[in-house]
Amino acid sequence: MLRLVRRAGVFVSLLALGAMTALAGPASATDSGPEVVASGLNNPRGIAIGPGGAVFVAESGAGGSGPCTTGPEGNEVCFGRSGAITRIWRGTQRRVVTGLPSVADRADGSAAVGPVDVSFAGRKQFVLMGNPGGGPQTRQQFGPGAAAFGRLLRIGHDEREFVADFPTFEANHNPDNGAGAQPGLEIDSNPNGLLARRGARLVTDAGGNDLLKVDAMGRVSVLAVFPPRLVPAPPGIPGLPPEIPMQAVPTSVAVGPDGAYYVGQLTGFPFPVGGARVFRVVPGHRPQVFARGFTNIIDIAFDRRGRLHVLEIATNGILSGDFTGRLVRVNRNGSRTVLASEGLFAPGGFAIAHDGSIYVTNNGILAGAGQVLRIPPR
């Protein structure tokens, strides 16, 4: 049965469930749809435009030979060093960073936890690692090779430096005080979204329900906390009150044309259709709702004209079992344009290039079937 009380853990569990039900026929781009520019990826998630216009993709990997443990849904998940960063440049793709930690379903490598986002500040490359859930003790069960889970890494030519440790920060501070969590599960860190800027790195912790800032010295501070909100309980589950607290589960962060930060939310259980929002965050002030009416947001970004773009991992809601995604542009007059939906299956992230092309990671919960799609400027 689904563990309804977990915070970020529910997200990982549902990804595993979706992967198991979808492996018979993953979606792919059609001749009339987006162009496939990379394939054969393992659980591709966040994506960024790097120096010179190359495209970089965070691959969460496909796990490995172990250590293994029982996952949230009772399946066996195993550790390995299959996490990677792939560069797409001038029609070729190559893994330029390899050997990063990964945990995935032992049977097929699906629904991996590993490198989840990549971002650049000038020529400095940063990689955000997901966490299998909980606090720092969760990663310890996979041995010393799993120490990078839940951390921000700086990747150089010959070095990999730990910059910040989010599960430890969560265990020491718990900014949302475990609001809405079942006793014993108040500590939960699963960093998911990264925005690297000169002098600071912004990270959304989907488990901790907060937006965090990492300064140049590696010190972590809280910019915003996203509290749960009451929503109608789903039908058919005995024992639930009419309304239940729904976790925010922030997944992505972008800087807007006004200089404020914007945060997209996946939402927690019951993942209501139309229940996800984009928040505007000004440090020192409470987050304000900027846009609403989305479902299961996995990434957001602004284009050069200041228009917000929103990527949904499951437009019909995660609980539907339908992982058809959707990329939506919010126009300056408030209207919305669907830029892509057909062919999108559990997309993991997107980036907008200087020429207006949009690169989207596709089949983001599958090993060996992951893609990057290019959507022409519109």
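Just so you know, all these numbers are worked out from the coordinates, no wet-lab data involved. Only a predicted model underlies this, so the values are computations on that prediction, with no experimental measurement involved. Methodologically, a virtual Cβ is constructed for each residue, glycine included, from the backbone with ideal geometry; neighbour enumeration extends over all protein chains shown.
Summary table below
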| item | result |
| --- | --- |
| Residue that is closer than 21 Å to A121 by Cβ, out of contact with any Asp or Glu (no Cβ under 7 Å at 6 or more places or on another chain) and polar (S, T, N, Q), where the choices are S221, S252 | S221 |
| Residue pairs meeting the criteria (Cβ under 7 Å; at least 6 apart or on separate chains; first without any contact (Cβ under 8 Å) to a residue 24 or more places away in the chain, in segment 262-283; second part of a loop (DSSP other than H, G, I, E, B)) | G274/T295; V282/A260 |
| Residue among E161, E186 that is acidic (D, E) and either part of a helix (DSSP H, G or I) or in contact with a strand residue (DSSP E or B) (Cβ under 9 Å, 6 or more places away or on another chain) (or both) | E161 |
| Restricting segment 248-261 to residues that are in contact (Cβ under 8 Å) with a residue 24 or more places away in the chain and of a type in the set (G, A, S), the residue that is surrounded by the most Cβ atoms within 10 Å (Cβ to Cβ) | A248 |
| So A107, is it of a type in the set (G, A, S), part of a loop (DSSP other than H, G, I, E, B), in contact (Cβ under 8 Å) with a residue 24 or more places away in the chain and closer than 17 Å to P67 by Cβ | yes |
| Residue list for segment 348-357, restricted to those being of a type outside the set (D, E) and either surrounded by fewer than 24 Cβ atoms within 10 Å (Cβ to Cβ) or assigned to a loop (DSSP other than H, G, I, E, B) (or both) | G348, A351, I352, A353, H354, G356, S357 |
| Hits in segment 87-138 - residues which are acidic (D, E) and over 19 Å from the mean Cα position of the chain (by Cα) | D108 |
| Failed item, numbered, when T324 is tested on (1) of a type in the set (V, I, T); (2) surrounded by 20 or more Cβ atoms within 10 Å (Cβ to Cβ); (3) over 10 Å from V263 (Cα atoms) | (2) |
| Within segment 210-247, considering residues that are in contact with a Gly (Cβ under 7 Å, 6 or more places away or on another chain) and among the aliphatic types (A, V, I, L, M), the one surrounded by the fewest Cβ atoms within 10 Å (Cβ to Cβ) | A216 |
